[in-house]
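Submitted below is the structure of interest, expressed as structure tokens.
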Amino acid sequence: MYAAANASLDRTIEALGRERVEREVKRHEYLQHVAEKECLQKAIFPCSKDGVYQASLSSKSCYVYKRDWGCGHSCIYEALQSLEKEESARHKMIDE
């Protein structure tokens, strides 16, 4: 299974072009860094740093769908929207 997945990934990278894939991976890593920097301290997780369950607080910051948990999504969305606006303004200045 690993070999099949790896071969499929190799073919996808070849089809898209290695430079494009590397550029997008770097972009993804940068966006992850932005999200962590902006939101890690703002997200309220189901358990406190002391291990105490805090359902009512975390429900404002997290979602639960079946076995999938996600926290900080609204902060991440806002941080990426802000970044998008900054990048758009920067491109607009370059184009002028």
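Rule-based calculations on the coordinates, nothing more; no lab input. As the structure is a prediction and not an experimental result, all values here were calculated from the model. Heads up, the Cβs are rebuilt from the backbone with ideal geometry, glycines too, and the neighbour counts pull from every protein chain shown.
Determine, for the chain, the count of lysine pairs separated by eight or more sequence positions (or lying on different chains) whose alpha-carbon distance falls under 22 Å.
For the chain, qualifying lysine pairs total 8.
Please flag any cysteine in the chain that has no other cysteine's Cβ under 4.7 angstrom from its own Cβ.
So far as the 4.7 Å Cβ criterion goes, 47 stand without a partner in the chain.
Turning to a different aspect of this structure: Would you please give the FRET efficiency between residue 27 and residue 74, computed as 1/(1 + (r/R0)^6) with r the Cβ-Cβ distance and R0 = 22 Å, to the nearest 0.05?
Once rounded, the FRET efficiency stands at 0.50.
Residue by residue through segment 47-54, which ³J(HN,Hα) values in whole Hz follow from phi under the Karplus form 6.51 cos²θ - 1.76 cosθ + 1.60 (θ = phi - 60°), with glycine and proline marked x?
Residue by residue, segment 47-54 yields 10, 5, 4, 8, x, 8, 5, 10 Hz.
Just need the relative contact order of the chain here, percent rounded to a whole number, with Cα pairs under 8 Å and 6+ apart.
Answer for the chain is 22 percent.
In debye to the nearest 20, how big a dipole does the chain give about its Cα centre with +1 on each Lys and Arg Cβ and -1 on each Asp and Glu Cβ?
320 debye
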